[in-house]
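To start, the structure under review is shown below, and the notes come after it.
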Amino acid sequence: MQYMGSKFIRPASLLGPYIRSLRIARGYTSEQLMQRTKSPLHAIRQIEQDNFSPNMRALYNLCAELDISFPTLIEGLCRQVEGTQHEMQHRAVGLTSDQRRAALFASGQLTPSDDDALGW
C-alpha cells in the first residue's frame, strides 16, 4: 500500500489487470498462458481478477512467459499506481472528505484499519 496525500493506493490490486493486459498484448488466451506457465487455469484467472496474489516464483514464471523482466513488471505497476493516483485526484475535486473516503472504501483502496490509522 502506498500513501498518496489523503489517498491509499494498493499496488497489488493493480497487478492482476496489468498481467491480463500483458497477456492480451502478447496475443495469449488464459488457456495458452496456463499451458506455458504450467499453472492451473483457475490460478491464472484468479490472479487476473485480483482474487489471488501470486508468490514470487509464480510472478517470475509469468514474467518469463510474457517476455517481460521482473524489474520491468514492477516499473509498469509503479506507472499504474501513479496513473491511478492522478485519476483519483481529478475525480476527488469538489468532494467532501466523507465522499472521498466512501469512494476509497468502495474501490477497495481503503480499509477500516487504514481509516482508523488516519484518524479522520
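Below, the figures for the structure above:
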{"read-out": "Qualifying residue in region 26-40 (condition: under 13 Å from the mean Cα position of the chain (by Cα) and either crowded, with 16+ Cβ neighbours inside 10 Å or at pLDDT 90 or above (or both))", "value": "no"}
{"read-out": "Residues satisfying the stated conditions in region 62-71, i.e. surrounded by 13 or more Cβ atoms within 10 Å (Cβ to Cβ) and without any contact (Cβ under 8 Å) to a residue 40 or more places away in the chain", "value": "CYS63, ALA64, GLU65, PHE70"}
{"read-out": "Selection from region 45-76 of residues that are over 15 Å from LEU14 (Cα atoms), in a helix (DSSP H, G or I) and aliphatic (A, V, I, L, M)", "value": "MET56, ALA58, LEU62, ALA64"}
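The values are calculated or read from the model by the stated rules, or taken from the named source; none is laboratory data. Model, not experiment: these values are computed from the prediction. Using ideal geometry, Cβ is built from the backbone for each residue, glycine included, and neighbour counts are taken over all protein chains shown.
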